[in-house]
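The values are calculated or read from the model by the stated rules, or taken from the named source; none is laboratory data. From a predicted model like this one, the values you see are computed outputs, not experimental measurements. All Cβ positions, glycine included, derive from the backbone under ideal geometry; neighbour counts span all protein chains shown.
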Amino acid sequence: MYLEEIIEDLQLESSKLECKSRLNRDDVIGWLKTIAGFANAYGGDFYIGVEDKTNKLIGYDRTAADNERNYFNNQVNEHLVPRPQMAISFIRYEINEKERFIIHVQVSESAIRPVILKYKNIPSIFMRRDGFTNGATYEEIIEMSIKSKNTQYDILTSDVKYDMNKFTTLREFYSSHNDGKILSEKALQSMGFYNEEGFLANGALLFSDDCDKAKTAVQCSVFSGFHKGSERIVTINRFGGNMISVINYIMEFVTQRMNHSMIKLGNTRKNIDAYPKRALFEGIINAVAHRDYFLDGTQIQVDMFRDRLEISSPGSFYRGGNIGKTYDLSGIISKRRNELIASVLISCNVMEAAGTGFDKIIEEYKSEDEMHRPYIYSSSDHFTLVLPDLTYMDGLADHSIPSLTFIPVQNGTDYDDKILSFCYYRAHKVSEIAEYLGISDSTHLRKQVLGNLEEQGYLEKSKIARAMYFKTNPDMVSVN
């Protein structure tokens, strides 16, 4: 028997999954570092009594399972500080009419980090990345330490004293969006711009005329086609400056290069911009306001393609985990990553206190068809807003997915066409196929859907490392 047979909707290729057939008494660090890595990252599921590479159930009898659980607990208590937040449970199954158990350890992302593994008086800090556990970098350790205190980058106090003469760009920006009003010292103090001793907050430094350009770096690119890599880059510009300069630069870059068209409405004509100005502005404000400024060496990425504009901000969706891809922008709950930066932009009347920026984007696109719907997607390291080009009549389309013709698959499913098209040019893991279909990585998908396509010769299966990949057999289909 295999793990997926007893765990419903198990995602086998998840980076948050690790299995051990037995806890190695001679190499305690080998498995303890996985627990520490999960706790220092985004949590994970650790199964004991399951073969690592095949996910075959090895299991224990009742007494052995209890002993293994106790050993696990003792080693964690002895070597991991602070003890990670975990839920330990037994999962029962039967094979050959005999009762067997595996142990499931559900590790949560630790509220206090880093979790340190101390063995023979030698401390080590591990981090889980892309399915592997390795030593944490210096930058990751610093970031974990600060974030574990629930402290945001922008409200930390710097060692720079406030000088009103170094914020002329901010004052001009404030006046231009507040009917000529002057930004008062009282307003700055109430926002926490600087403390009683006159030292600026980190976020305030980003608005200074001479701010660190590395912290606010942005790269703007124009591609001739639909994708990066294979397409010719028409333009690539890099810029760094204070927060206001960055906002203005991105607006100007896109406005100068975007397409324009015109449609007839009875006896009148209507001008159409590729990207509605308000939607574009809201997207830029969102990127600079919610960027993760803890991440050095990163940049806001603005990419213009033939059919869309992508604005990517360093850092995942704040306190929202990996939300993947969604068109439901109004359903996204706004949580501020940078309280001070958001407060300054709100005072400048360019950001809503209630966090309704996405609602404005939806409003600008509400009359458009399904192929011109904006969406966002978030991963562990970036958050991206995608705005369709309204002058590109075909709308957003995945040009890497071909349209295929083939003889209907015996005992086939409604997913066959999409799977074969998705896997035609490139092999994909089951988890990627499931995400593309918008369904869970389940036993049904693996056996009844993919297994049937493989059995009928439509899919070819290969294994790379621990992951199983599927690619369409070109001899069984033809491209339209």
Scanning segment 71-98 residue by residue, those farther than 21 Å from V28 by Cβ and hydroxyl-bearing (S, T, Y) turn out to be S89, Y93
Of those in segment 228-245 that are outside any strand (DSSP E or B) and surrounded by 12 or more Cβ atoms within 10 Å (Cβ to Cβ), the residue modelled with the lowest pLDDT is E231
Flagged pairs (Cβ under 6 angstrom, 6 or more apart or on separate chains; first in segment 378-400, assigned to a strand (DSSP E or B); second at pLDDT 75 or above and of a type in the set (S, T, Y)) are H382/S312; F383/S313; T384/S312; T384/Y377; V386/Y375; L387/Y275
Residue pairs qualifying under the 6 Å Cβ cut-off, at least six apart or on distinct chains, with the first in segment 113-124 being at negative phi and the second being hydroxyl-bearing (S, T, Y) and part of a loop (DSSP other than H, G, I, E, B), are R113/S148
Counting only residues in segment 145-180 that are among the β-branched types (V, I, T) and part of a helix (DSSP H, G or I), the one modelled with the lowest pLDDT is identified as I146
Here the residues within segment 193-214 that are surrounded by 18 or more Cβ atoms within 10 Å (Cβ to Cβ) and part of a loop (DSSP other than H, G, I, E, B) are F193, L206, F207, S208, C211
Before we move on, is K166 in contact (Cβ under 8 Å) with a residue 40 or more places away in the chain, over 30 Å from Q85 (Cβ atoms) and not aromatic (F, W, Y)? yes
Check on G43, assigned by TED's automatic domain parsing to the domain that holds E99, on the phi > 0 side of the Ramachandran plot, touching a helix residue (DSSP H, G or I) at 6+ places or on another chain (Cβ under 9 Å) and of a type outside the set (V, I, T) = no
In the set K418, K471, K447, the lone residue that is within 30 Å of the chain's Cα centre (by Cα), over 30 Å from D52 (Cβ atoms) and of a type in the set (K, R) is K418
Item to complete: Look at M258 and say whether it is touching a Ser or Thr at 6+ places or on another chain (Cβ under 9 Å), under 14 Å from L387 (Cβ atoms) and in contact (Cβ under 8 Å) with a residue 40 or more places away in the chain.
Response: yes
Filtering segment 426-480 down to residues that are in a loop (DSSP other than H, G, I, E, B), without any contact (Cβ under 8 Å) to a residue 40 or more places away in the chain and either buried (at least 17 other Cβ atoms within 10 Å of the Cβ) or touching a helix residue (DSSP H, G or I) at 6+ places or on another chain (Cβ under 9 Å) (or both) yields I439, N473
If you go through L57, L117, L80, the only one that is touching a His at 6+ places or on another chain (Cβ under 9 Å), in the same structural domain as T34 (by TED's automatic domain parsing) and not acidic (D, E) is L117
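Given the criterion modelled with pLDDT under 90, among the β-branched types (V, I, T) and touching a Gly at 6+ places or on another chain (Cβ under 8 Å), identify the matching residue among I332, I341, I376, I401.
Matching residue, one of I332, I341, I376, I401: I332.
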All conditions in (1) part of a loop (DSSP other than H, G, I, E, B); (2) in contact (Cβ under 8 Å) with a residue 60 or more places away in the chain; (3) within 32 Å of the chain's Cα centre (by Cα) are true of L183 except (3)
Filtering segment 88-100 for residues that are in contact (Cβ under 8 Å) with a residue 24 or more places away in the chain and either part of a loop (DSSP other than H, G, I, E, B) or closer than 30 Å to I116 by Cα (or both) leaves a count of 2
Query raised in the report: Would you say V409 is buried (at least 18 other Cβ atoms within 10 Å of the Cβ) and in a loop (DSSP other than H, G, I, E, B)?
Result: yes
